[in-house]
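In what follows, a single structure is set out as structure tokens and then discussed.
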Amino acid sequence: MYDQPTLFDNAVSQPLAARLRPHNLEEFCGQKHLLGEGKVLRRLIESDQVSSMIFWGPPGVGKTTLARIIANRTKANFIDFSAVTSGIKEIKQVMEQAEKSRHFGEKTILFVDEIHRFNKAQQDAFLPFVEKGSIILIGATTENPSFEVNGALLSRCKVFVLQALKTEELVGLLTRAVTDERGFGKQKIEISEDCLRTVADFANGDARSALSTLEMAVLNGDVTEEKTVVTKETIEQCTSKKSLLYDKSGEEHYNLISALHKSMRNSDPDAAVYWLARMLEAGEDPLYIARRVTRFASEDVGLADPRALELAVAAYQACHLIGMPECTVHLTQAVVYLSLAPKSNALYVAYGRAKKDALTMLAEPVPLVIRNAPTKLMKELEYGKGYQYAHDSEEKLTNMQCLPDSLLGREYYLPTEEGLEGRFKTRLQEIKDWKKGK
């Protein structure tokens, strides 16, 4: 059932990524957390005991390749199915064939690429056949299956999360592409490790993108009678980006994100936007920046402006939904807003103080009055005895003790007067004064 190569296939004419597609687990790049020796997915594949599963991960990390490796190893019928080109009619035809095979004791593995593109009705069509065991479903998706896959179907599948490839893994893959006969091994290619690393950084964890960029660079390299030379200038032309003294895995990566963070902290929007542009134009993942900006919203602004976190999260979602280059303006909006917002690190300091006590006083018991008491025995042990429901009081306050005895009176959150946090400081003092008066 699996597509086999024919005499009419011309391997040389295939894209580099297709020529170098791994044939087995030994050639597979990355995903050591799933495919390393003794890891669960590797054991399932090697023992041909594959059950219904979903591969979730960004583009170019090996979801389809893993399915094809399974196809090469399994004794089951293997059907490659595309959610882009198939509908209910095609699903029913495949299911009928799978049901017939089941009666003859044959298993059918159905691989559905981009399963998130199926609507609920289409996904529902698989469900009874998965339940009966007529098919083993393997789905691949770049979207969160919790939101994109029918809950009933999802509950019958094991989700394996594939991660973006690390720069070192991509460099290894690119090095193999230069030397492997399926790649450029029959040619003499001269390319420095720095150039390979630039391509790997630009690919942003995507093996297919890395190989396509390398292929373009080689095709545009300087050809002599003896070899093809790929220079840094050629790489920059093929990526349409300058390196900008930027290495996403090295020191400059951390220098630039530090510069952005500290410019915002220093309320300098011009500098912040410059460092933002430096990173984005060098190929940095906008979601990485959005995560750091979201952290800043609570670490350096906090309750001085509670809307800062809302805006940062909205910017992250915008980056996720529309990507580069359109999301640059959303990140700029967040960075400028955070630069101009009043600053407070009171939340950051509060957690640091609490963390220190939590790590050094691990055995402090939860006061009985605020323990959960779902069973009769727990109630007999006085769990929850004397609990005061704050909503029952006029002030919506009680003087109930919530900290362990050894930490009674400890203060972690010390609000500032900055921005709206001044209101929280006033409110906190009112609460403390009320409790002292009781």
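The values are calculated or read from the model by the stated rules, or taken from the named source; none is laboratory data. Everything numeric in this text was worked out from a predicted model, so none of it was measured. Here the Cβ positions follow ideal geometry from the backbone for every residue, glycine too, while neighbour counts run over all protein chains shown. Please note that ligands, DNA and RNA were not included when accessible areas were found on the heavy atoms of the full protein model with its side chains. Shrake-Rupley method; radii C 1.70, N 1.55, O 1.52, S 1.80 Å.
Hydrophobic (A, V, I, L, M, F, W, C), in a helix (DSSP H, G or I), open to solvent by 40 Å² or more (accessible area, probe 1.4 Å) and under 30 Å from ARG410 (Cα atoms), is that true of LEU321?
Values: hydrophobic (A, V, I, L, M, F, W, C): yes; in a helix (DSSP H, G or I): yes; open to solvent by 40 Å² or more (accessible area, probe 1.4 Å): yes; under 30 Å from ARG410 (Cα atoms): no.
No; evaluated as a whole, the condition is false for this residue.
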Q.
One residue is enough: does the range 367-389 have a residue meeting the conditions within 35 Å of the chain's Cα centre (by Cα), assigned to a helix (DSSP H, G or I) and without any contact (Cβ under 8 Å) to a residue 60 or more places away in the chain?
A. no
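Inspect all residues belonging to the range 299-306 and state whether any of them is in contact with a helix residue (DSSP H, G or I) (Cβ under 7 Å, 6 or more places away or on another chain) and within 29 Å of GLY205 (Cβ to Cβ). Even if it seems obvious, please write down each step before you answer.
Here is the first cut: in the range 299-306, the ones in contact with a helix residue (DSSP H, G or I) (Cβ under 7 Å, 6 or more places away or on another chain) are 299-304.
Narrowing the set further to residues that are within 29 Å of GLY205 (Cβ to Cβ) leaves 299-300.
Among the residues of the range 299-306, at least one is in contact with a helix residue (DSSP H, G or I) (Cβ under 7 Å, 6 or more places away or on another chain) and within 29 Å of GLY205 (Cβ to Cβ), which makes the answer yes.
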**Q.** the range 405-438, residues that are touching a residue at least 40 places away in the same chain (Cβ under 8 Å) and open to solvent by less than 80 Å² (accessible area, probe 1.4 Å)
**A.** SER406, LEU407, TYR412, TYR413, LEU414, PRO415, THR416, GLY419, LEU420, GLU421
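Name the residue that is farthest from ASP206 (Cα to Cα), counting only residues in the range 111-131 that are open to solvent by less than 70 Å² (accessible area, probe 1.4 Å) and assigned to a loop (DSSP other than H, G, I, E, B).
PHE118
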Q) Which of the residues belonging to the range 91-110 are hydrophobic (A, V, I, L, M, F, W, C) and in a helix (DSSP H, G or I)? A) ILE91, VAL94, MET95, ALA98
(Q) Which pairs turn up if I take residues in the range 19-33 that are touching a residue at least 24 places away in the same chain (Cβ under 8 Å) and open to solvent by less than 30 Å² (accessible area, probe 1.4 Å) and look for partners that are part of a loop (DSSP other than H, G, I, E, B) and among the polar types (S, T, N, Q) with beta carbon separation below 9 Å, at least 6 apart in sequence or on another chain? (A) GLY30/GLN163; GLN31/GLN163
Q: Would you be able to tell me the number of residues in the range 237-284 that are under 23 Å from TYR316 (Cβ atoms), open to solvent by less than 40 Å² (accessible area, probe 1.4 Å) and either modelled with pLDDT under 90 or within 23 Å of the chain's Cα centre (by Cα) (or both)?
A: 14
Q. Within the range 390-404, which residues are free of Cβ contacts under 8 Å to residues at least 24 places away in the same chain and either in a helix (DSSP H, G or I) or touching a Lys or Arg at 6+ places or on another chain (Cβ under 6 Å) (or both)?
A. ALA390, HIS391, ASP392
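When the range 132-158 is examined, which residues are found to be in a strand (DSSP E or B) and either closer than 21 Å to GLN97 by Cα or open to solvent by 50 Å² or more (accessible area, probe 1.4 Å) (or both)? Walk me through it before giving the result.
To start, the set of residues in the range 132-158 that are in a strand (DSSP E or B) comprises 136-141, 158.
Across the range 132-158, the qualifying residues are ILE136, LEU137, ILE138, GLY139, LYS158.
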Q | Matching residues, the range 31-69, being within 28 Å of PHE104 (Cβ to Cβ), in a helix (DSSP H, G or I) and in contact with a Leu (Cβ under 9 Å, 6 or more places away or on another chain) | A | ILE45, GLU46, LEU66, ILE69
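Residue-by-condition table, conditions (1) without any contact (Cβ under 8 Å) to a residue 24 or more places away in the chain; (2) closer than 22 Å to TYR288 by Cβ; (3) assigned to a helix (DSSP H, G or I):
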{"residue": "LEU173", "(1), (2), (3)": "no, yes, yes"}
{"residue": "LEU196", "(1), (2), (3)": "no, yes, yes"}
{"residue": "ALA200", "(1), (2), (3)": "no, yes, yes"}
{"residue": "GLY205", "(1), (2), (3)": "no, yes, no"}
{"residue": "ARG208", "(1), (2), (3)": "no, yes, yes"}
{"residue": "GLU215", "(1), (2), (3)": "no, no, yes"}
{"residue": "VAL229", "(1), (2), (3)": "no, no, no"}
{"residue": "GLU233", "(1), (2), (3)": "yes, no, yes"}
{"residue": "CYS238", "(1), (2), (3)": "no, no, yes"}
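If you take the residues in the range 329-351 that are part of a helix (DSSP H, G or I) and open to solvent by less than 40 Å² (accessible area, probe 1.4 Å), which one is nearest to ARG265 (Cα to Cα)?
Ranking the qualifying residues of the range 329-351, first place goes to SER339.
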**Q.** Answer residue from the range 65-85, given it is surrounded by fewer than 17 Cβ atoms within 10 Å (Cβ to Cβ) and among the hydroxyl-bearing types (Ser, Thr, Tyr) and is modelled with the lowest pLDDT among those
**A.** THR85
